[in-house]
Amino acid sequence: MSENNIPRFINPFTDFGFKKIFGEEANKDLLIDFLNELLATQNQHIKDLTFKKNEHLGQTGLDRNVVFDLFCENEKGEKFTVELQKAKQSFFKDRMLYYSSFSIQEQGIKGDWNYQLKAIYVIGILDFIIDEEKSDKIVVNHNKLMDVERNTVFYDKLTFITLQMPNFNKKAEELESNFDKWLFVIKNLNKLNEIPERLQTKIFKKLFNVAQYSAMNETERAKYEESLKYYNDLKNSLDTAFDDGKTEAYDELMPIIKHKEKELEQERQKAEQERQKAEQERQKLIETAKFLKSLNVPNKTISEKTGLSIDEIERF
C-alpha cells in the first residue's frame with residue numbers, strides 16, 4: 001500500500017491501532033486518563049494499571065476460551081475488561097455478561113472465603129449502535145444490576161459500559177470536557193491531518209505522537225496495514241450481512257473472526273519480542289563499544305568489531 005494512501009494517524013478501530021494506543025506499557029498513561037474520564041461519574045480514580053494476560057481459558061475442556069482486547073487491574077485489585085467492537089453483533093450484551101464471569105471466577109479463593117469481590121468493569125467501545133430501534137442518541141450507557149421494584153442499584157461492583165461511537169457527532173470546535181476530547185479522538189483520529197487546537201494538551205500530544213503512521217517502523221507498518229485491510233473487509237461484509245438480515249451467516253463468521261484476531265495479536269506479540277531482542281543485542285554492542293573505547297581502541301576498529309557507525313561511537 002502506498003504511503004500516500006495512508007492517513008497521517010492510525011485507525012484506533014483496527015486491532016493493531018487500538019492496542020498500539022492503549023495496550024502498550026509505555027502508553028499506559030493514555031489508558032489511565034481515558035478510563036478516569038469515562039468513570040468519573042462512578043467515583044473512580046485510577047492511579048496505576050497492570051496489564052494482565054488477555055486470554056482466559058474455560059474451566060473445562062468443553063468451555064469456550066476467550067481473548068479480550070485489554071484486561072487490566074488497578075492498584076486496588078479492581079478489574080477492567082476493555083473490548084473494541086468493529087461490527088454489529090446479535091448478542092453483544094450476552095457477550096459482555098459472559099466476559100464479566102471471568103473477572104468474577106479469578107477472584108475465587110480456595111478454602112475459607114467470604115465471597116467478597118473487587119469491583120469489575122466491562123467496557124465496550126462500539127463502532128455501531130446496540131439498540132437501533134431506540135430513538136435516543138445516547139453515546140455512553142452505564143449499566144448495573146438493579147432492583148426493578150425500587151429502581152435502585154442492587155449490586156454496585158459490577159458495571160457494564162458501552163460507548164456507541166456513531167452517536168457522538170461533536171466537531172473539534174465544540175469539544176468542552178476532556179471526555180468529549182477522548183470520544184472525538186477515538187471516532188476521528190484517522191481522519192485528521194493536524195492536531196485540533198482544543199487537543200493541544202500533554203496527554204493528547206502524546207497520543208498523536210504514538211498514533212503517527214510515519215513514526216512506526218517497517219514491521220509495525222506492515223502489521224497495521226494488514227489490520228486495516230482486515231478491518232475494512234470485515235466491516236463491509238458483516239454490516240452488509242447484518243443489514244440484509246443474514247444473522248445466521250453472521251454468527252457463523254464470528255469464530256473465524258476471533259481466530260483471525262487472535263492470529264493478528266500473536267503476530268504483534270512476536271514482532272514485539274523480535275524488536276526487544278534486537279534492542280537487547282544492540283545494547284550489548286553498545287556496552288562492548290564503550291568498553292573497547294575505554295581501552296583506547298581506535299573508533300574505526302570498534303566500528304568494524306561491533307557494526308556501529310563511527311559517528312555513533314564518537315558520541316559515547
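Less than 13 Å from a label point 7 Å out along the Cα-to-Cβ axis of residue 173: which backbone N atoms in segment 190-212 qualify, by residue?
197-198
Name the residue from 123, 146, 182 whose Cα lies farthest towards the positive end of the charge dipole of segment 3-245, charges +1 on Cβ of Lys and Arg and -1 on Cβ of Asp and Glu.
Of the candidates, 182 comes out farthest on the positive side.
With 23 Å as the limit, write out which pairs from 79/171; 19/52; 137/205; 53/79; 20/170; 270/300 have Cα-Cα distances beyond it, or answer none.
On the way: 79/171 33 Å; 19/52 13 Å; 137/205 30 Å; 53/79 12 Å; 20/170 25 Å; 270/300 35 Å.
Violating the 23 Å Cα-Cα cut-off are 79/171; 137/205; 20/170; 270/300.
Can you classify segment 75-167 as rounded, prolate or oblate using the Cα gyration tensor, where a ≥ b ≥ c are the square roots of its eigenvalues, rounded means a/c under 1.5, and otherwise it's prolate if a/b beats b/c and oblate if not? Present the calculation step by step, with values, prior to reporting the outcome.
Values: a/c = 2.50, a/b = 1.66, b/c = 1.50.
Judged from the Cα gyration tensor, segment 75-167 comes out prolate (a/c at least 1.5, a/b above b/c).
Is segment 3-245 best put as rounded, prolate or oblate by its Cα gyration tensor, with a ≥ b ≥ c the root eigenvalues, rounded for a/c under 1.5, and otherwise prolate when a/b is larger than b/c, oblate when not? Mind dumping the intermediate values first?
Values: a/c = 1.44, a/b = 1.44, b/c = 1.01.
Verdict is rounded for segment 3-245.
Under 24 Å from the Cα of residue 293, which lysines turn up, not counting those fewer than eight places away in the same chain?
The reachable lysines, counting only those whose Cα sits under 24 Å from residue 293, are 284, 305.
In whole Hz, with x marking every Gly and Pro, tabulate ³J(HN,Hα) for segment 301-307 from phi via Karplus 6.51 cos²θ - 1.76 cosθ + 1.60, θ = phi - 60°.
Result, rounded to whole Hz: 5, 4, 4, 5, 6, 10, x.
For each of 182, 113, count neighbouring Cβ atoms within 10 Å of the residue's Cβ, then give the residues from fewest to most.
Details: 182 22, 113 9.
Fewest-to-most Cβ neighbours within 10 Å comes out as 113, 182.
Where a number appears in this text, it was derived from the coordinates with a stated rule and is not lab data. Keep in mind it's a predicted model, so treat the numbers as computed, not measured. Neighbour counts run over all protein chains shown; Cβ positions are idealised from the backbone, glycine included.
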